[in-house]
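Below is one structure; the comments refer to it alone.
All of the numbers you see were taken from the coordinates with simple rules; none came from a lab. The model shown is predicted, which means the values in this text are computed figures rather than measured ones.
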Amino acid sequence: MPRAEARDDDVFVVVVVRSGGIAGLSKQWRAEAEAERAPHWRTLVESCPWDAALSAPPGADRYQWRIEVIEGDTAVHRARLSDGQVQGPWRTLVDEVRRAATPQQGGR
């Protein structure tokens, strides 16, 4: 998806949802970039291969990841990845979001 021009007053949010596993539970992490940290988050987001992200293959007891980037009120990037696909820049982005946010438990 092409990136819309960001304005200083736009909200920049990265949401990571991990679902699946043996218990089939979901966890969600949400990181909202403060204005002074927005360039750091944009660099992390833009380093990910969004156009090359494949749909996560199904598999029993495996984690599936959904990553979404929201600017203002528009989702500008979305990806669904398997656990094995979360590596390199994806892993860096996921780890940063998890450090910056408190997980929220979800149901099945």
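Worth a mention:
- Amide proton proximity set for ARG62, modelled H, under 5 Å, gap of 5+: GLY21
- Whole-Hz Karplus values for region 31-42 come out as 10, 10, 6, 6, 3, 6, 9, 4, x, 4, 5, 4 Hz, taken residue by residue from phi with 6.51 cos²θ - 1.76 cosθ + 1.60 and θ = phi - 60°; glycine and proline positions read x.
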